[in-house]
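Q: Take a look at the following structure, please.
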Amino acid sequence: MTETTEPTGRPPPRRGALVPEPYRVVGRQVEVADVVTLALEPHRGQLPAFAPGQFNMLTAFGVGEVAISISSAPGGAGAVEHSIRDVGAVTHALCEARIGSVVGVRGPFGTHWGIGGIGEDTDVVVVAGGIGLAPLRGTVRDLVARRRDGGGRVYVLVGMRSPDQILFAADLEDWRRRGADVAVTVDVGAQGWQGPVGVVTSLLLDAPFEPARSVALACGPEIMMRFTTRALVDRGIDPRRIQVSLERNMQCGIGLCGHCQLGPLLVCRDGPVVSYGGVADQLLMERNR
């Protein structure tokens, strides 16, 4: 049978791209009060290849489906991790999933951070706000592992709501021990908190990266990314060397339904990771409907 094509010349999506595969929950970690990390393993076959920054569509059977970024690095022991904030019916059901239970997975979908092309002498500035650290977690793990003495440095600048909302505290400490420059600020301090208090952009003032040889990755609430990208440009980083991860109402994952359209982009297909310069600089000003 001759394969038909859409008017665009793209082959039609495979039916399998819309059918969730059963994955078993093999690990469950409560990160903070409303965030749980699930380690998922395919019920059959091998784990599909993925790159940091991509996302999967996760199904809580009988409840619904939601797009969740992958929060682990490639090359793990047969499982893929997703860090999920409990904010609705589907995410609540996923957060309540226990080890041994089964969820549905479609993907991976979307673009990634593309860190394989970053030179060893390049400074990498990673700026995350809240749950936005999850899509960056696997990337930071890879970057820290690949850095060499005398090469470029990795700067991890994190903003959280409060000290009890700090995600991946063990990872942050591990990255610091392995040579990354890690700084964490909170919006509201608490008794015993001795770190900075303020918005995450305030950390950019003291981070000693070299703008001319730096790239930046940012993920978090859109208002945070608007101010962060402007601050990075003000520090001298070329806008074309800044990447952001956009989030819109992704429902199909393959660019068919159109719910995630943002200007000329279908975020699930053309994103979520896009260049700030020439792509996201104007789109970040569009209101999320």
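Every read-out reported here was derived from the displayed coordinates using simple, explicitly stated rules and does not represent laboratory data. The shown structure was predicted, so the numbers you read here are calculated from the model rather than taken from an experiment. Backbone-built Cβ (ideal geometry, glycine too); neighbour counts: all protein chains shown.
Q: In percent, what relative contact order does the chain have, based on Cα pairs under 8 Å that are 6 or more apart in sequence?
A: 16
Q: With the Cα gyration tensor of the stretch 185-289 giving a ≥ b ≥ c as the square roots of its eigenvalues, does the rule (a/c under 1.5 for rounded; else a/b larger than b/c for prolate; else oblate) give rounded, prolate or oblate?
A: oblate
Q: Using Cβ-Cβ distances only, list the Cys residues of the chain with no partner cysteine under 4.7 Å, sorted by number.
A: Cys95, Cys219, Cys260, Cys268
Q: Arranged by the count of other C-beta atoms within 10 angstrom, fewest first, what order do Asp123, Asp234 take?
A: Fewest to most other Cβ atoms nearby, the residues stand as Asp234, Asp123.
Q: A further question follows. Give, rounded to the nearest 20 debye, the magnitude of the charge dipole that the chain has about its Cα centre when Lys and Arg contribute +1 at Cβ and Asp and Glu contribute -1 at Cβ.
A: Around 420 debye, computed over the chain.
Q: Can you classify the stretch 15-109 as rounded, prolate or oblate using the Cα gyration tensor, where a ≥ b ≥ c are the square roots of its eigenvalues, rounded means a/c under 1.5, and otherwise it's prolate if a/b beats b/c and oblate if not?
A: Note, shape of the stretch 15-109 comes out rounded.
Q: Determine the shape class of the stretch 125-240: with a ≥ b ≥ c the square roots of the Cα gyration tensor eigenvalues, call it rounded for a/c under 1.5, and otherwise prolate if a/b is greater than b/c, oblate otherwise.
A: Judged from the Cα gyration tensor, the stretch 125-240 comes out oblate (a/c at least 1.5, b/c at or above a/b).
Q: Running a GNM on the chain with Cα contacts under 10 Å, which residue among Arg85, Arg141, Arg178 ends up with the highest mean-square fluctuation?
A: Arg178
Q: Given a cut-off of under 8 Å on Cα pairs at least six residues apart, what relative contact order in percent is computed for the stretch 15-109?
A: Relative contact order of the stretch 15-109: 38 percent.
Q: Between Arg28, Arg98, Arg137, which gets the highest mean-square fluctuation from a Gaussian network model of the chain, Cα cutoff 10 Å?
A: Result: Arg98 has the largest fluctuation of those listed.
Q: Toward the positive end of the charge dipole of the chain, about the Cα centre and with charges on Cβ (Lys, Arg +1; Asp, Glu -1), which of Val125, Phe61, Leu246 goes farthest?
A: Of Val125, Phe61, Leu246, it is Phe61.
Q: Another question, if that's okay. Pick from Val144, Val158, Val273 the residue whose mean-square fluctuation is largest in a GNM of the chain, springs joining Cα atoms under 10 Å.
A: Val144
Q: Helix 134-146 against the longest principal axis of the chain: what's the angle in degrees, Cα atoms only, rounded to the nearest 10?
A: 60
Q: For His92 and Asp206 in one chain, what is 0.36 nm times their gap in residues minus the Cα-Cα distance, to one decimal in nm?
A: Length difference between fully extended and current span is 37.2 nm.
Q: Fewest first, what order do Tyr276, Tyr155 take by the number of other Cβ atoms within 10 Å?
A: In order of increasing Cβ crowding within 10 Å: Tyr155, Tyr276.
Q: If you place +1 on the Cβ of every Lys and Arg and -1 on the Cβ of every Asp and Glu, how big does the dipole about the Cα centre of the stretch 115-283 come out, in debye to the nearest 20?
A: So the dipole magnitude of the stretch 115-283 works out to roughly 220 debye.
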